[in-house]
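Notes follow the structure.
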Amino acid sequence: MITLRLDPQLEQMINQVSHELNISKSELIRKSIYDFLGRLEKPSPWELGHELFGQYASGRHDLSKNRKKLVKEKIKAKK
């Protein structure tokens with residue numbers, strides 16, 4: 001069990017919202033804590049970018065192997 005002190009303004013807000021949602025103050029606070037803690041979980045890089053991966057493929061499968069050669073060719077082409 002946890003006991004905490006709230007400033008009067010926050011307590012008033014909790015009373016108002018719990019009344020509007022027709023739930024107890026304890027339930028409102030519990031749900032708020034679960035929501036807050038759920039947002040703290042950091043998504044993996046895959047979860048963040050899975051919609052973008054592979055969407056803009058060049059069609060070339062040698063980019064990582066021949067990167068230096070390809071960069072040199074691009075620089076020469078600009079001159």
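Values quoted throughout were computed directly from the atomic coordinates according to the rules given, and no laboratory measurement underlies them. Remember, predicted model here, so these are calculated numbers, not experimental data. All Cβ positions, glycine included, derive from the backbone under ideal geometry; neighbour counts span all protein chains shown.
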Open item on the list: Using Cα springs under 10 Å in a Gaussian network model of the chain, which residue among K65, K31, K42 shows the largest mean-square fluctuation?
Closed with: K65
Open item on the list: For the chain, what does the helix formula give at 222 nm: sum of -39500 (n - 2.57) over DSSP H segments with n ≥ 4, over the residue count, nearest 500 deg cm²/dmol?
Closed with: -18500 deg cm²/dmol
Open item on the list: At 7 Å along Cα-to-Cβ for each site, give me the label-to-label distance between H19 and K68 in nm.
Closed with: 7.4
TODO: Just give me a number: lysine pairs in the chain, eight or more positions apart or cross-chain, with C-alpha atoms less than 28 Å apart.
DONE: 10
TODO: Answer with a single label: of (i) 11.8, 41; (ii) 22.9, 71; (iii) 26.8, 72, which was calculated as Rg and Dmax of the Cα atoms in Å from the structure in view?
DONE: (iii)
Task: Estimated inter-spin distance, F36 and I75, nm [label 7 Å along Cα→Cβ] - done: 5.3
